[in-house]
């Protein structure tokens, strides 16, 4: 029963992402001892954040860079106890650049949850493909597409 509740909450969080409700998503993170890591190097979403405020900044950037980002959840796996739950979500995303060119990526979120709050969250995806999206945005004069990672 517990795992089914966690799965439903995760699906709801991705639905919130799809609706641009980043406030709902960021409230899922623990205030202390938290981390948020996105794979890759030297792109505006990469790196590690260890404070709640830097995680908020990261989601604000995500909203600006990918305003129509949409996730399709393919698989969800949940294991563990309420004090240490690990969830993995396999997904496919879609989005468009400022000229309407379509992009899609595949990836996995690995999320550790303790007493209902996200502790570490790690995102693994094809970052070379993602860099192509950022290059297109740079060519479309989106300055933030070449910004350094938000890290703390």
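The values are calculated or read from the model by the stated rules, or taken from the named source; none is laboratory data. Keep in mind the model is a prediction, meaning the values are calculated, not measured. So basically every Cβ, Gly included, is an ideal-geometry build from the backbone, and we count neighbours across all protein chains shown.
General remarks:
- From the list 16, 87, the one residue that fits, being on the phi < 0 side of the Ramachandran plot, in contact (Cβ under 8 Å) with a residue 40 or more places away in the chain and surrounded by 13 or more Cβ atoms within 10 Å (Cβ to Cβ), is 87.
- Enumerated strands (runs of 3 or more DSSP E) restricted to segment 83-129, each holding at least 1 residues that are touching a helix residue (DSSP H, G or I) at 6+ places or on another chain (Cβ under 7 Å): 84-96, 102-114
- Some residue of segment 32-50 being over 28 Å from residue 148 (Cα atoms) and surrounded by 13 or more Cβ atoms within 10 Å (Cβ to Cβ): no
- Members of segment 133-152 found to be out of contact with any helix residue (DSSP H, G or I) (no Cβ under 7 Å at 6 or more places or on another chain), surrounded by 13 or more Cβ atoms within 10 Å (Cβ to Cβ) and in a helix (DSSP H, G or I), listed by number: 133, 135, 136
- Filter pass, residue 112 being surrounded by fewer than 15 Cβ atoms within 10 Å (Cβ to Cβ) and at pLDDT 95 or above: no
- Matching residues, segment 1-10, being exposed (fewer than 14 other Cβ atoms within 10 Å of the Cβ) and in contact (Cβ under 8 Å) with a residue 40 or more places away in the chain: 2
- Qualifying residue in segment 51-72 (condition: farther than 21 Å from residue 21 by Cβ, in contact with a strand residue (DSSP E or B) (Cβ under 7 Å, 6 or more places away or on another chain), modelled with pLDDT of 95 or more and surrounded by fewer than 18 Cβ atoms within 10 Å (Cβ to Cβ)): no
- Subset of segment 19-50 [assigned to a loop (DSSP other than H, G, I, E, B) and under 20 Å from residue 124 (Cα atoms)]: 28, 34, 39, 40, 41, 42, 43, 44, 45, 46, 50
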